[in-house]
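Note sheet for the following structure.
Values in this text are rule-based calculations from the coordinates and carry no lab data. Bear in mind that the values here come from a model prediction, so they are computed numbers and not experimental data. Using ideal geometry, Cβ is built from the backbone for each residue, glycine included, and neighbour counts are taken over all protein chains shown.
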């Protein structure tokens, strides 16, 4: 259960990051998910990314909906405020939180039921608005907490554990996010931490709506033959277009890249993303190209992963609304209230 | 030949304009109401409009009332019948002895009129068409022309109307002079061709004083500006949309940094009401003052989040501009029909704070206060307006603000307090008032963080399904609600001249009609003490009022006497002693209606001894 506290002691020689925090400072409570759950690997990747970025843990607000995935914010960043909100409604809660204080880092954690079914609308609209956030969907194609019903990302023709064939078309959240104008779009696999950690780190550094769809097999209900979200299936069909390295601060770009294979993207926060191309023809700055590429490969049954699209010059909802730099939650009557003299004038205009 | 003497009345009559929606009549009609105010005579105007943009019938009713009765009166003394679609009904609705004003350009068969009213024909279309050629001008100026004709018939001072036109078109000289010209076209025609004035007249008085003329929705939005709301999320729905629109307009004027031009607010038009309340809850959780405005259907959609706000104890302000339900109901008609839906919104055991402003002035005050209350009590506060207050201009006392006032941000534990070693339990009742401390996200690197959830948890916000832990929390929420009783606006009591066993409870937009009804009832010999409820949870004075009276009428604008149900439920009182007086046809309740309903019941109660009756 989530009230089980983790022991606090740790190895004295544990590595520290630039802020002097160890890995342990980014951990949370002990996971109550099934042993081997893909979600726990994502939790580990989030911890790793935050550690590497030297983020102050308490400056992150982690917000989720309802479901197995939405429980995970309790398992990382124990010194951050978390909000396990309402099923499918993480995006609106996160949007509101972001409006109140633009200075925090917003991590939205959701699942495929939470974001593609009950919360499909909220997913879409938060992306449309360009909320500055990292939106992670832990996508297993199944309702785990209620024992194995199909979700809206389950592929047509895939089989449930009980042998039922899914006859509905699948929603590809990555394709939708691209269409709706997300400025950082990626897909990864919970079993590929090397790919996932830098993607999360890059998404956190991105200003604007970042979306990562992480295929995360459900060990209990969706890891059988006939499933298209099982470990085996995803490994066999994974088509990574690129790999990244996230370079924080003034770190020099590693020299061991073969010339012409690396593309460097500078982000708002000063970090650099070094993109190692795997597919030579793939251009992550071409939104339309990405959409076409995805559609073509999906038709062939391939799961395209990697950084699929990034607009390094993106802005966010606060820019659209032209809000003040000071977080709105710190403003008091002296700056918010027009006062009695103005009210007298208003009164006079209403006679 | 008239069967009835024409009504003769100075500064006390009702004029109703029957128009076609989208014909541009609204501004002329509103100018008519404002012009009477400028004579120092109170008016109470009401829009009666369809859920439609163009083509359907719409009415604008102006009650001219030197006595200051701002409730709807019922009945029409003068009908300005500009809509052929509703002609028959409009003519039939005129009081005997009343007046019918119509466009006489095309002859009407005599069967279309009544013998017991005075018919006043003005060839509006003919006058308009001979002066203007542009179709849009013809449509708009026709309205000003009838305003001019009315000014002559009712003996209004044209200077005052010209002044209003001058204010409205300040800096737009061409529009200004053409409007004044149209006004005099109508006025001169009436003076030359009709017997002016008629029996209804406007005479200068001094009964308006320093009062202002404002719509409740605009006042509530201004209250949100003054109350420090920085986040507003909303979804369009009649009759609440103008709250968010007014908030936007007020913020544009008063909430931009003079140096940078940047906005000290964020307004989001949500994709639905679920997103709107979600944004409000996310923002409030993170320490901003946030609100949404909606109406009944929106409340239904928001209920899951409202339960979260109650249980996870997150402030939220919801302005509910009530309209007739259930379902889509009558979207453009007024009711007070969401009392139960809001008081107990969401599944499980919940209770919510409701505020009942009576007019725009209180809507302003209560809206501002709602943000203090939400942060103090850490829960949802409903501001319960309705269409009658929200979407009509109402004469009310000027809005007031005390510049010394600081916002009450409630119990928030700061980094300094955490550093001092204060014990932080998000759901720990340290003061015995049921209200725990909260921290804002990002407060301290190692202390004060917690995990907010809608699931059960212990005093330190740790997940728990232990029965005793759950019950402990639920009991604290009851204590918190008891604390709220003394924080919300108290009921206002007004006693009859003579001691009486009878009382009446009312709230919100019923107020002006109730005040007027008391006079009518006194004239019939009925004495009643009055209690105007201004908030839920009910203050202890409600229970005292019930105890002091044998019978208490509960006057409200819904079918099921919802406030009465709430009183019976919360005060454990014998329902027989609470007599429901309900009005729910979608029109605003009137003094006449209340006085008749209560008067008849009172007559019925007064049993005449048998011997006396037969002697």
For labels at residue A:10 and residue B:430 in the simple 7 Å Cα→Cβ model, what's the distance in nm? 2.9 nm
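Order these by the 10 Å Cβ neighbour count, fewest first: B:49, A:150. Intermediate values should be presented prior to the final figure.
Working: B:49 20, A:150 24.
By the 10 Å Cβ count, ascending: B:49, A:150.
Taking 0.36 nm per residue of sequence separation and subtracting the Cα-Cα distance, how much length would be gained by fully extending the chain between residue B:524 and residue B:259, in nm to one decimal?
89.0 nm
How big is the antiparallel share of DSSP beta bridges in chain A, given as a percent to the nearest 5?
Details: 20 of 50 bridges.
Bridges in chain A that DSSP calls antiparallel: roughly 40 percent.
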Using Cβ contacts closer than 10 Å as the measure, can you line up B:497, A:52 from fewest to most? B:497, A:52
Which distance in nm do the two modelled labels at residue A:237 and residue A:32 give, with both placed 7 Å along the Cα-to-Cβ direction? 3.3 nm
If the chain between residue B:130 and residue B:456 were fully stretched, how many nm would it gain, using 0.36 nm times the residue separation less the Cα-Cα distance? 109.8 nm
Rounded to the nearest 10, the angle in degrees between the Cα long axis of helix A:193-205 and the longest principal axis of the Cα atoms of chain A comes to 20 degrees
Using a 10 Å cut-off around each Cβ, can you sort B:414, A:146 from fewest to most neighbouring Cβ atoms? A:146, B:414
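Round to the nearest 0.05 the FRET efficiency obtained for residue B:207 and residue B:349 when R0 = 45 Å and r is the Cβ-Cβ distance. It would help to have the intermediate numbers written out before the result.
Values: r = 50 Å, r/R0 = 1.10.
Computed FRET efficiency for residue B:207 and residue B:349 comes out at 0.35.
For the protein assembly as shown, give me the percentage of DSSP beta bridges that are antiparallel, rounded to the nearest 5 percent. All intermediate terms of the calculation are to be shown ahead of the outcome.
Details: 47 of 133 bridges.
Percentage antiparallel, nearest 5: 35.
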Using only the alpha-carbon atoms, how far is helix B:241-254 inclined from the longest principal axis of chain B? Give it as 0 to 90 degrees, nearest 10. 80 degrees
Compute the long axis of helix A:90-100 from its Cα atoms, compare it with the longest principal axis of the Cα atoms of chain A, and write down the angle in degrees, 0 to 90, nearest 10. 30 degrees
By average Cβ neighbour count within 10 Å, what is the ranking of B:429-440, B:527-538 from highest down? B:527-538, B:429-440
With a/c under 1.5 counting as rounded, go ahead and sort segment B:50-173 into rounded, prolate or oblate using the C-alpha gyration tensor (a ≥ b ≥ c being the square roots of the eigenvalues; past the cut-off, prolate if a/b is larger than b/c, else oblate). oblate
Beyond 19 Å, what percent of the Cα pairs of segment B:489-615 remain? 46 percent
Peptide A:319-326, shielding by other chains (average Cβ, 10 Å cutoff): 5
With label points set 7 Å from each Cα along the Cα-to-Cβ direction at residue A:19 and residue A:351, the distance between them in nm comes to 5.7 nm
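How high is the FRET efficiency between residue A:164 and residue A:276 when r is their beta carbon distance and R₀ equals 41 Å, given to the nearest 0.05? Kindly include the intermediate steps, with their values, before the conclusion.
Numbers: r = 41 Å, r/R0 = 1.00.
Efficiency, rounded to the nearest 0.05: 0.50.
Is the shape of segment A:61-100 rounded, prolate or oblate, going by the alpha carbon gyration tensor and its root eigenvalues a ≥ b ≥ c, with a/c under 1.5 for rounded and a/b larger than b/c for prolate? Please report the intermediate quantities before stating the final value.
Working: a/c = 3.21, a/b = 1.15, b/c = 2.81.
Here segment A:61-100 falls in the oblate category.
Rounded if a/c is under 1.5, else prolate if a/b beats b/c, else oblate: with a ≥ b ≥ c from the C-alpha gyration tensor eigenvalues square-rooted, which is the protein assembly as shown? All intermediate terms of the calculation are to be shown ahead of the outcome.
On the way: a/c = 2.41, a/b = 1.78, b/c = 1.35.
Prolate is the answer for the protein assembly as shown, as a/c is 1.5 or above and a/b outweighs b/c.
Please give the average number of partner chain Cβ atoms lying within 10 Å of the Cβ of each residue in B:401-412, rounded to a whole number.
Details: counts 8, 2, 6, 2, 4, 4, 6, 0, 2, 0, 0, 0.
Across B:401-412, the average partner-chain Cβ count within 10 Å equals 3.
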Counting each DSSP H run of 4 or more residues in chain B as -39500 (n - 2.57), what helix-only mean residue ellipticity at 222 nm follows after dividing by all residues, to the nearest 500 deg cm²/dmol? -12000 deg cm²/dmol
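Taking the Cβ-Cβ separation of residue B:465 and residue A:224 as r and a Förster radius of 30 Å, what is the calculated FRET efficiency to the nearest 0.05?
Numbers: r = 31 Å, r/R0 = 1.04.
Plugging the Cβ-Cβ distance into 1/(1 + (r/R0)^6) gives 0.45.
Could you give the length gained on full extension between residue B:193 and residue B:548, defined as 0.36 nm per residue of separation minus the Cα-Cα distance, in nm? Walk me through the numbers on the way to the answer.
Working: separation 355, 0.36 × 355 = 127.80 nm, distance 6.21 nm.
Full extension from residue B:193 to residue B:548 adds 121.6 nm.
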Okay, helix-only estimate at 222 nm for chain A: each DSSP H run of n ≥ 4 adds -39500 (n - 2.57), divide by all residues, round to 500 deg cm²/dmol; what do you get? -8000 deg cm²/dmol
Averaged over the residues of A:73-84, the number of partner chain Cβ atoms within 10 Å of each residue's own Cβ comes to 5
